Amino acid sequence: MKQIDPNAETKIYDIAVIDGDGIGPEIVREARKSLDAAAAKEGFALKYAKYLMGGAAIDATGEPLPQETLTGAQNSDAVLFGAIGGAKWDNMPRDLRPETGLLALRKGLDAFANLRPIKVFDALIDASPLKSEVVRGVDLLVVRELVGGIYFGQPRGRDDRRGWNTMVYGVEEIERIAKVAFEAAMRRGKKLCSVDKANVLEVSQIWREAVTNVAKSYPEVELSHMYVDNAAMQLIRRPRQFDVIVTGNLFGDILSDEASMISGSIGLLPSSSQGAKGGIFEPIHGSAPDIAGLGIANPLATILSAAMLCEFALGQNSAARRIEQAVKKALELGYRTGDIAEPNAPKKVSSIEMGDIVAELIEKS
Ligand code: IPM
Ligand code: MG
């Protein structure tokens, strides 16, 4: 049994909160309700400090990642982040785009290991566009390298008639992400699939060699290699074959959006991006400007990201389980935001209602 010392000081964590653009503020607000409810249950507290990034930061300060935000994030125990971007900033030069702010934050925190779990809730089997017998029981983890590859490789640039980018990985970068993936596989089903394009790209040959080398330290994990085009197909054909997938930045970006459809909605998938300290916790979806302000966005991906924050940044695993269980329960009780609701669903709820329901279920847990 947990010993509670009445004289012990309550542990207080510093959380940097970045709402971002579009639906960002709406979903982060709901996630904070769950965080606070779980913290109250487990006897710790969260101190939030808000920072600007993305379009909101460009408008207010002229840059997508103000120094104050980076410093605040670096000094926090974790970053809770919504989403960035929108049509307003789409035609800006690269260094003044919202996405540049997010990439600089990831780089600035060296948040190289992006974990994107894809777990199908039984209650939502029918929300997936794929057949229920294909998606039932899917539980996989995409481990995406997040601060290297073609997103950051040099040279990059464009002139009026040509554009160019460089996909580059060094052995050390591959080894460190591979270790994270093997460790995750050890905690799960002990199967790791490394995804690359080694039949065409030299960078993928190095990737494959480095991953194979790391595998020597994990004899219990069954390692396979798959070309990315085949992986894209296999994810739809037979997603249950996967336990952990490890891949580079661009392939991981694409495959994780694809895999979200197995779960039914991109509005359900959380992520954690970890480096040396803390980490960034954000839904994998974007800022959905088309529905911003309508109060209908699904907050569950951000709420589940808050659960990952408790587990990976704070070591508060029971708080994480409480949040996850409450989400599962809310879905079992039939509550649905528009993205996952059947036509005429009886318990169709707004973002705020969903946030309140989950927080209340945590309180009652
Ligand atoms: C993601 C997003 C980002 C990415 C964008 C917004 C820069 O798509 O987190 O998957 O490409 O990494
Ligand atoms: Mg993406």
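Values computed for the structure shown
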{"quantity": "Residue-wise HN-Hα coupling along region 178-185, computed from phi with Karplus coefficients 6.51, -1.76, 1.60 (Hz; x: Gly, Pro)", "calculated": "4, 4, 4, 5, 5, 4, 4, 4"}
{"quantity": "Charge dipole (the chain, unit charges on Cβ, about Cα centre) - positive-most of 323, 123, 359", "calculated": "123"}
{"quantity": "Virtual spin-label span in nm between residue 233 and residue 92, 7 Å along Cα→Cβ", "calculated": "4.1 nm"}
{"quantity": "Two-site label geometry, residue 352 and residue 14: point separation in nm, points 7 Å out along Cα→Cβ", "calculated": "3.2 nm"}
{"quantity": "Per residue Cα convex hull volume in Å³ - calculated over the chain", "calculated": "153 Å³"}
{"quantity": "Cα gyration tensor of region 117-188 - equivalent ellipsoid semi-axes, whole Å, descending", "calculated": "35, 21, 7"}
{"quantity": "Longest site-free stretch - the chain; sites: GluC sites (Glu not before Pro), DSSP loop, at most 12 other Cβ within 10 Å", "calculated": "10-219"}
{"quantity": "Per-residue HN-Hα couplings for region 236-245 [Karplus 6.51, -1.76, 1.60; θ = phi - 60°; Hz; x = Gly/Pro]", "calculated": "8, 5, 8, x, 5, 5, 9, 10, 10, 10"}
{"quantity": "Shape of region 276-365, Cα gyration tensor, a/c cut at 1.5", "calculated": "oblate"}
{"quantity": "Taking region 31-138 and dividing mean pair separation by its residue count, relative contact order in percent (alpha carbons under 8 Å, at least six apart)", "calculated": "21 percent"}
{"quantity": "Nearest-20 debye value, the chain charge dipole, Cβ charges on Lys, Arg, Asp, Glu", "calculated": "640 debye"}
{"quantity": "The chain, accessible area per residue, ligands and nucleic acids excluded (1.4 Å, Å²)", "calculated": "46 Å²"}
{"quantity": "Region 129-263, accessible surface, carbon-and-sulfur percent (1.4 angstrom probe)", "calculated": "52 percent"}
{"quantity": "Accessible surface of residue 351 - all protein chains present, 1.4 Å probe, nearest 10 Å²", "calculated": "0 Å²"}
{"quantity": "Sulfur and carbon atoms: percent of accessible area, region 1-80 [1.4 Å]", "calculated": "50 percent"}
{"quantity": "Radius of gyration and Dmax over the Cα atoms of region 129-263, both given in Å", "calculated": "15.5, 52"}
{"quantity": "Paramagnetic reach from residue 191 (point 7 Å along Cα→Cβ, amide N under 19 Å) across region 90-116", "calculated": "116"}
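The values are calculated or read from the model by the stated rules, or taken from the named source; none is laboratory data. Nothing here was measured: the structure is a model prediction, and the numbers come from that model. Counting neighbours? That spans all protein chains shown, and the Cβs are built from the backbone with ideal geometry, glycine included. Just so you know, the surface numbers come from the protein's heavy atoms only, side chains and all, with ligands and any DNA or RNA stripped out. Shrake-Rupley method; radii C 1.70, N 1.55, O 1.52, S 1.80 Å.
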